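Report on the structure given below.
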Amino acid sequence: MNNLNSPLDDSNGPESPVRETIAIVGAGICGLCCGLALAKSGHQVTIYERDVPLPSGDPDDIFFSWTRRGASQFRHPHAFLAVMSNLLEEQFPDLMVEFFKAGARKIAFQDMLTDKLKEKYTPLPGDENLWLMMCRRATMEMVLRRYADKQPNLDIQSSTRVNAMISRSHQGSIEVMGLKIQKREAGAQEEKVYADIVIDAGGRNSKFKQWFRLAGAPVVSEQNSAEIVYYTRHYQFLPGNEEPPRSSKTRSAGDLGYLKYGVFPGDSGHFAVIICVPLHEKNLHSYVKDGEDFDRICSHIPGLKPWVDSTLSKATTASFGMGNIKTVWNHFVKNGTPLALNYFAIGDAALYTNPLYGRGCSTGIIHSHLLNRVFKNHDDPVERALVFDQWTERELRPIFKASLNEDKNGIKRAKAVLEGRSSNRTRGFKSQLGLAFGDALARASQEQIHVLRGALKTFNLMEKPGEFLKDWRIRLTILRYMLMGRNKNASNRIVPGPTRTEMLALMEDDKAA
């Protein structure tokens with residue numbers, strides 16, 4: 001996505017033509033990345049965070065002791081996809097050094113290849129950019145906070161509640177001029193702080209939508225439920241043990257229809273296991289809420305069993321869930337008129353997708369980078385709002401739509417399993433062709449490096465979803481796999497594991513035992 005024709009291009013230099021005072025609400029990953037970029041461009045940035053400051057200590061101390069009530073996903077897995085990793089490395093190479101010192105892992109393209117693919121792998125230009133960084137979110141925020149504290153033009157005020165925005169009506173829009181803030185301490189008085197720009201990085205629970213509604217300018221939102229609940233449990237390898245080998249029979253991520261699962265390697269020998277359960281699977285909900293039952297479910301799935309083996313690893317947290325999972329897009333321009341001037345929502349405050357796909361951090365930094373480019377190239381408040389809205393649609397709408405489609409397909413598969421139907425059967429030639437294409441693509445991605453390379457570019461948000469399918473060589477490869485027959489392709493996609501009925505029976509047997 002980062003090319004000369006894209007708003008993500010940063011070739012015009014680091015400094016903005018005008019130095020402005022900027023107030024950012026929220027010191028999560030998106031707010032910190034945005035603050036770092038804007039401070040580097042010469043603006044004076046203050047970030048207001050309601051939670052307590054970062055405590056001292058190493059990554060384990062931070063993970064187990066830091067209270068982050070304002071970040072609902074704080075203890076759920078995160079990853080920096082290639083688009084985010086490369087942007088940070090280009091802008092702040094010394095920051096990336098700090099991440100690796102803290103134990104973060106770099107997963108390069110060749111690390112994602114199976115043993116068979118590694119035997120015939122020849123590096124191509126651009127492969128070096130296909131990498132992700134893995135570590136716990138607590139470690140991510142720890143490194144970002146400590147780095148931000150050293151930067152000029154950037155100040156973080158923790159334990160500070162934002163009570164309201166300061167605004168007035170202006171030519172059909174709301175002009176935001178500052179914030180009403182209050183320290184979270186006894187006897188603290190509310191203060192007014194004024195800023196040229198207010199940036200909302202307050203996440204999906206941001207209060208600005210409520211304030212805009214009270215001001216008579218409600219935000220219109222697109223909302224679609226993913227119809228799942230998301231559970232996580234963290235583990236750490238016992239001394240002397242390493243990650244188990246992966247194979248087609250022990251995939252560390254997959255979809256059994258009635259649940260999805262995945263392993264997120266972290267820093268310092270830590271890793272997390274996620275299990276996503278459809279809302280209608282009430283019995284499974286009761287199991288995954290309990291730590292011991294969570295482990296029992298994992299022990300019945302071949303791809304997870306070696307990870308949770310008590311002789312190799314130990315659980316470090318309970319099982320905890322996250323509900324109300326949606327795909328949401330908030331609109332801040334209506335009929336060509338900005339809802340607000342000098343106000344910009346970024347990251348989850350503007351739009352978010354199912355966290356199962358791991359795109360939140362990366363779309364947040366893309367959004368922050370877009371905003372930085374807007375400030376460099378435009379100074380009129382109306383023009384800034386409109387251009388930012390247009391660039392957001394251009395760069396993030398395709399990712400949003402792809403996530404929404406994945407949610408809808410997952411809902412269909414889960415309902416088919418519940419009703420005892422095959423999710424591979426559907427009416428209509430077009431639907432059958434789509435399923436056959438998907439199965440052929442999945443198998444080709446596992447067996448052909450050039451197809452996997454293209455698919456990983458989409459996965460890592462290096463290009464818009466489906467862009468790699470314009471490559472004639474990839475299209476011919478997928479066609480060849482389609483001609484081999486769908487049954488063979490579909491069997492290659494199926495993840496080993498018990499059926500829904502078998503899993504429920506196994507759990508009942510475990511309970512009885």
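Here, each number is a calculation from the coordinates, and none is a lab measurement. Worth saying up front: this structure is predicted, and the values here are computed from it rather than measured. Heads up, the Cβs are rebuilt from the backbone with ideal geometry, glycines too, and the neighbour counts pull from every protein chain shown.
Assorted remarks:
- Between 0 and 90 degrees, the angle of helix 360-377 with respect to the longest Cα principal axis of the chain falls at about 30 degrees.
- Each Lys or Arg adds one and each Asp or Glu subtracts one; over the other residues with Cβ under 15 Å from the Cβ of F64, this totals +1.
- Between region 230-282 and region 435-471, the C-alpha centres lie 23 angstrom from each other.
- What you get for the chain, charging only the Cβ of Lys and Arg (+1) and of Asp and Glu (-1), is a dipole of about 1740 debye around the Cα centre.
- Rounded, prolate or oblate (a/c below 1.5 giving rounded, otherwise prolate when a/b exceeds b/c) for region 96-194 by Cα gyration tensor: prolate
- For region 424-500, a crude dipole built from +1 on the beta carbon of Lys and Arg and -1 on the beta carbon of Asp and Glu, taken about the Cα centre, is about 260 debye to the nearest 20.
- Global size of region 227-324 as Cα Rg and Dmax, reported in angstrom: 12.8, 41
- Taking the C-alpha atoms only, the angle from helix 500-512 to the longest principal axis of the chain is near 90 degrees.
- The alpha-carbon of K289 sits under 13 angstrom from the alpha-carbons of these aspartates and glutamates, leaving out residues fewer than 8 places away in its chain: E281.
- The angle between the Cα long axis of helix 449-459 and the main principal axis of the chain comes to about 40°, on a 0 to 90 degree scale.
- Dipole orientation for the chain: of the candidates F237, S403, T317, S403 has the Cα lying most toward the positive pole (charges on Cβ; Lys, Arg +1; Asp, Glu -1).
- Basic side chains Lys and Arg get +1 at the Cβ, acidic Asp and Glu get -1 at the Cβ, and with that the dipole of region 343-420 about its Cα centre reaches some 360 debye.
- Each Cα pair under 8 Å and six or more residues apart adds its separation to the average, and for region 159-285 the resulting relative contact order is 16 percent.
- Coarse-grained scattering of region 424-500 at q = 0.11, 0.17, 0.18 Å⁻¹, given as base-10 log I(q)/I(0) from a Debye sum over alpha-carbon atoms: -0.30, -0.69, -0.76
- Measuring nothing but how far apart in sequence close Cα pairs (under 8 Å, 6+ apart) lie, relative to its length, the chain scores a relative contact order of 17 percent.
- Over 22 Å (Cα to Cα) - which of K150/K180; K401/K430; K326/K408; K408/K430 fall in this group: K150/K180
- With 10 Å bins from 0: P(r) over the chain, alpha-carbon pairs, percent: 3, 18, 28, 27, 16, 7, 1, 0
- Look at the alpha carbon pairs under 8 Å that are at least 6 residues apart: their mean separation over the length of region 227-324 gives a relative contact order of 44 percent.
- Global form of region 160-225, assessed from the alpha-carbon gyration tensor, a/c cut-off 1.5: oblate
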